[in-house]
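First the structure, in the form of structure tokens, and then the observations on it.
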Amino acid sequence: MLQFDPVQLPEGTAALRQEVRDFLAANADRTSAPNSDFSSGHDAEFSARLGERGWIGMTWPKAYGGAERSFFERYVVTEELLAAGAPVSAHWIADRQSGPLLLGSGSEDQCARYLPAIVQGRSFFSIGMSEPGTGSDLASVRTAAKRVAGGWRVNGTKLWTTDAHRNHYMIALVRTAPADGNRHAGLSQLIIDLAAPGVTIRPIRNMAGGEDFNEVVFDDVFVADADVVGEPGNGWSQVTSELGYERSGPERFLSAFRVYVEFVRLVGADPERFEAAAVGRIAAHLMTLRRMSMSVAGMLENGKAPNVEAALVKELGNNFEKLLPEIARTAAPLGGDQERFRRTYAETLLLSPSFTLRGGTREILRGVIARGLGLR
Amino acid sequence: MDQVLADAAERIFRDQCTKTTLDAAEDGEFPERLWQLLCENGFQLMAMPDSGAELADLFAVLRVAGRFAVPLPLAEALLANRWLGEEFGGGETNALNTVGLMAENGSSRWLGVPWGRAARRIVGVADDGGVFAGTPVAVNEAVNLAGEPRDQVEVQDVRPLPYAEPAPALLALARVAQSAGALERVLELGIGYAQEREQFGRPIARFQAVQHLLAMVAAEVAAAGRASDAAVAAIGSERFTLEVAAAKSRVGESVGLVAEAVHQVHGAMGFTYEHQLHHFTRRLWAWRDECGSEAHWQALLGRRLCALGADQVWDFLATSS
Ligand SMILES: Cc1cc2nc3c(=O)[nH]c(=O)nc-3n(C[C@H](O)[C@H](O)[C@H](O)COP(=O)(O)OP(=O)(O)OC[C@H]3O[C@@H](n4cnc5c(N)ncnc54)[C@H](O)[C@@H]3O)c2cc1C
């Protein structure tokens with residue numbers, strides 16, 4: 001049976017929470033996004049201001065500019081930013097998984113070169129996993145790196161790379177040796193400078209009209225040995241160890257949160273019974289999801305690798321992110337000031353197909369959970 | 001939480017709550033031996049103020065009881081003794097006391113009384129949460145959709161009890177904890193059956209469609225368990241009633257999904273009376289409507305949030321842990 005132990009936020013987090021709220025209020029001009037999707041607001045200046053406050057790379061060693069704070073403190077900061085609809089996309093991936101990956105598997109030299117700028121909110125990373133022929137079946141990547149003097153030459157295409165056209169680096173999963181019967185062998189993670197010669201980035205317009213993800217083509221791009229993360233060939237185990245971080249955070253159930261806020265505003269202080277029930281139903285989901293997500297933060301804090309638990313939280317959270325706009329829509333009254341609600345609802349609905357795809361599809365997550373249950 | 005109590009209860013339930021006992025109880029036979037065993041171990045007193053146990057322990061025991069579909073009104077018996085207190089004969093003998101709802105305030109007709117037919121004293125809960133003691137004089141037998149007795153009882157000697165606890169929320173929390181336990185058992189039954197039943201030359205657990213159903217079930221069961229724990233942890237806090245409201249809603253939503261999916265996994269076998277699955281799924285279906293349906297509690301929670309206002313909703317959510 002999977003266990004989600006309660007966690008108590010440590011003392012001091014209430015003060016931190018208030019600091020973040022004050023900061024958000026002072027930066028209200030930049031935080032008025034009508035949705036709380038973590039990947040739809042890219043604002044380098046906002047990220048730099050967060051960096052100044054010490055709210056990026058919070059858990060990392062002081063030697064690299066971090067603050068050595070707990071996962072719970074990071075949790076508080078990230079959930080406050082998301083709930084407010086703040087534009088966090090620029091630094092999000094670097095803070096959530098590229099940095100922790102470098103700390104866990106990278107060299108000291110890599111940490112020293114990359115982490116301080118990430119912490120300052122001035123260096124942004126993208127995830128280079130998917131390709132035209134590679135989606136859920138990640139081990140099938142074809143982008144390949146060939147050995148040359150002092151490093152590697154990379155050729156191939158990455159696809160759906162969020163913010164590649166605005167970020168500085170990609171950590172790409174590439175094949176550095178033939179599979180030879182074991183398809184998980186021979187894969188490596190490389191840090192690729194997105195401004196390097198031979199990199200071509202083409203934004204892809206999504207169905208909501210935004211241009212956030214990209215096609216990234218590598219044509220003989222040189223990557224120095226010093227930018228291979230961990231041992232060459234160790235890419236698969238590294239990439240799977242990122243998943244606990246990637247899958248369980250508040251961004252996995254808060255993407256539609258602003259719809260809820262506007263729904264409550266629309267129904268007003270004295271709702272009909274069915275409107276009140278819709279408000280309460282959504283709250284009940286949120287309270288439980290948040291607790292489960294914090295339980296996983298607790299496991300990460302204790303150095304565990306809660307991959308199954310994280311998959312379970314993402315599965316529940318993503319389904320809920322799709323359910324929330326539907327509950328609100330079907331219970332929304334006709335009258336009142338509809339403008340804000342309709343706008344937020346429409347934006348979120350158009351983004352919602354991505355919720356159960358990005359970061360591992362619902363079907364893949366159910367497979368992970370099923371394995372955890374001993375069914376496969 | 002007192003793990004020793006929960007473990008002791010589990011041993012008794014595991015021994016006693018066989019399919020035969022469950023069937024007999026559904027045929028109207030009070031599980032006397034099980035009740036006496038529990039009394040010999042002092043469980044009937046555990047919710048009384050000076051029992052030494054915490055109120056949270058009661059809900060831990062009820063969660064275990066849910067795992068075994070214990071065919072007793074355990075929550076009501078123990079809460080009745082708590083509310084009656086020594087003064088009104090709570091826990092005085094091993095006789096069963098129970099809790100029902102007043103048809104309307106001040107009425108002597110009490111409804112939905114679990115095992116009212118076997119009770120010596122009954123506590124009636126009024127609309128406003130006030131609790132009263134009464135002695136049964138006439139019983140109209142009725143059952144819920146799990147076949148658990150939910151009688152209509154005429155009472156006399158109605159007297160107010162000096163208790164200021166949120167009785168409706170505590171009763172709802174009892175159903176939450178029982179359901180969380182029953183859901184865990186239903187998941188286990190689903191996994192077990194999928195691993196053992198073979199079709200097309202292999203266990204049906206090998207089929208992705210079955211794996212995905214059970215993965216979804218596991219997620220719902222985990223959510224229900226976490227929601228239940230959170231409400232139990234809120235006992236005595238200002239937000240207790242609101243936490244129960246959230247839990248009753250969240251658990252109730254899991255029930256529908258889980259029961260549907262695990263029946264699907266069991267095929268026709270799970271549709272037989274002979275199989276034990278229905279003792280759990282029917283209870284779950286009954287319990288989600290007892291002590292306030294999801295909609296009832298959602299509206300209560302929702303009203304509070306609407307009164308706080310849109311820009312305070314996040315603060316409310318973020319100050320629960
Ligand atoms: C908004 C957005 C941003 C993204 N950003 C990035 C990024 O920055 N970097 C990056 O690398 N990738 C990114 N992705 C890609 C994302 O990781 C993939 O979409 C995801 O892994 C699924 O791959 P796919 O889209 O090719 O679908 P496919 O894998 O082709 O799947 C299509 C359908 O088939 C199902 N399916 C596939 N295999 C199985 C199986 N074994 N069993 C059952 N069902 C199966 C899937 O669940 C899905 O329903 C992003 C995607 C989106 C939508």
ask   = Using a Gaussian network model of chain A with C-alpha springs under 10 Å, which one of A:338, A:238, A:189 is most mobile by mean-square fluctuation?
value = A:338
query = For all pairs of alpha-carbon atoms in the stretch B:20-168, what percent lies in each bin of width 10 Å, listed from the first bin to the last filled one?
reply = 12, 44, 36, 8, 0
All-pairs Cα distance distribution in the stretch A:299-372, expressed in whole percent, bin size 5 Å = 3, 15, 20, 16, 14, 11, 9, 7, 4, 2, 0
request  = Would you mind computing the Rg to Rh ratio of the stretch A:70-137 from its alpha-carbon coordinates, Kirkwood style for Rh?
outcome  = 1.03
inquiry  = Taking the Cα centre as origin and putting +1 on Lys and Arg beta-carbons and -1 on Asp and Glu beta-carbons, what dipole magnitude results for the stretch B:51-135, to the nearest 20 debye?
reply    = 400 debye
Residues A:56, A:171, A:327, sorted so that the one with the fewest Cβ neighbours within 10 Å comes first = A:327, A:171, A:56
note = PRE zone check, label point 7 Å out along Cα-to-Cβ of residue A:270, amide N under 19 Å, scope the stretch B:279-318, hits B:299-310
message = Tell me which of A:138, A:191, A:328 sits at the most positive position along the dipole axis of chain A, charges placed on C-beta atoms (Lys, Arg +1; Asp, Glu -1).
response = A:138
ask   = Assigning unit charges at the beta carbon (Lys, Arg +1; Asp, Glu -1) and nothing else, what dipole magnitude in debye, to the nearest 20, does the stretch B:141-257 show about its Cα centre?
value = 460 debye
message = Net charge around residue B:62, counting only other residues with Cβ within less than 15 Å of its Cβ (Lys, Arg = +1; Asp, Glu = -1)?
response = -3
query = What list of whole percents do you get for P(r) of the stretch A:173-261, with Cα-Cα distances grouped in 5 Å bins up to the one holding the largest distance?
reply = 3, 11, 13, 14, 18, 18, 11, 7, 3, 2, 0
request  = Determine the distance separating the Cα centre of the stretch A:314-362 from the Cα centre of the stretch B:265-318; give it in Å without decimals.
outcome  = 22 Å
query = Put +1 on the Cβ of every Lys and Arg and -1 on every Asp and Glu Cβ in chain B; which of B:132, B:242, B:84 then has its Cα farthest towards the positive end of the dipole?
reply = B:242
query = Using the 10 angstrom Cβ neighbour count as an exposure proxy, how do A:315, A:215 rank, fewest first?
reply = A:215, A:315
Peptide B:247-256, shielding by other chains (average Cβ, 10 Å cutoff) = 3
query = When Cβ neighbours within 10 Å are restricted to other protein chains, what is their mean count per residue of peptide B:222-235?
reply = 5
remark   = Net charge near residue A:214 (other residues with Cβ under 13 Å of its Cβ; Lys, Arg +1; Asp, Glu -1) is -1
task = With a 10 Å radius around each residue's Cβ, average the other Cβ atoms per peptide and rank A:179-186, B:46-53, B:208-215, highest first.
result = B:208-215, B:46-53, A:179-186
Hydrodynamic radius (Kirkwood) for the stretch A:13-123, which is based on Cα pairs only, to one decimal in Å = 13.9 Å
query = For the stretch A:74-112 and the stretch B:147-176, what is the separation of their Cα centres, given in Å?
reply = 51 Å
ask   = Looking at the stretch B:167-318, what % of the alpha carbon pairs are farther apart than 24 Å?
value = 39 percent
ask   = Based on DSSP H runs of at least 4 residues, each adding -39500 (n - 2.57), what is the mean residue ellipticity at 222 nm of chain B after dividing by all its residues, to the nearest 500 deg cm²/dmol?
value = -17500 deg cm²/dmol
ask   = Considering every residue in B:291-302, what mean count of other chain Cβ atoms within 10 Å of its Cβ is obtained?
value = 6
task = For the stretch A:127-230, report the translational diffusion coefficient in µm²/s to the nearest whole number, using Stokes-Einstein at 4 °C, 1.567 mPa s, and a Kirkwood Rh over Cα pairs.
result = 94 µm²/s
request  = Grab the beta carbon distance between residue A:342 and residue B:257, set R0 = 25 Å, and tell me the FRET efficiency rounded to 0.05.
outcome  = 0.25
Cα-based shape type of chain B, given that a ≥ b ≥ c are square roots of the gyration tensor eigenvalues and the cut on a/c is 1.5 = oblate
inquiry  = Averaging the inverse of every distinct alpha carbon separation and then flipping it gives the Kirkwood radius. What is it for the protein assembly as shown, in angstrom units?
reply    = 27.3 Å
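Where a number appears in this text, it was derived from the coordinates with a stated rule and is not lab data. Keep in mind it's a predicted model, so treat the numbers as computed, not measured. In this analysis, Cβ positions are derived from the backbone assuming ideal geometry, glycine residues included, and neighbour counts consider all displayed protein chains.
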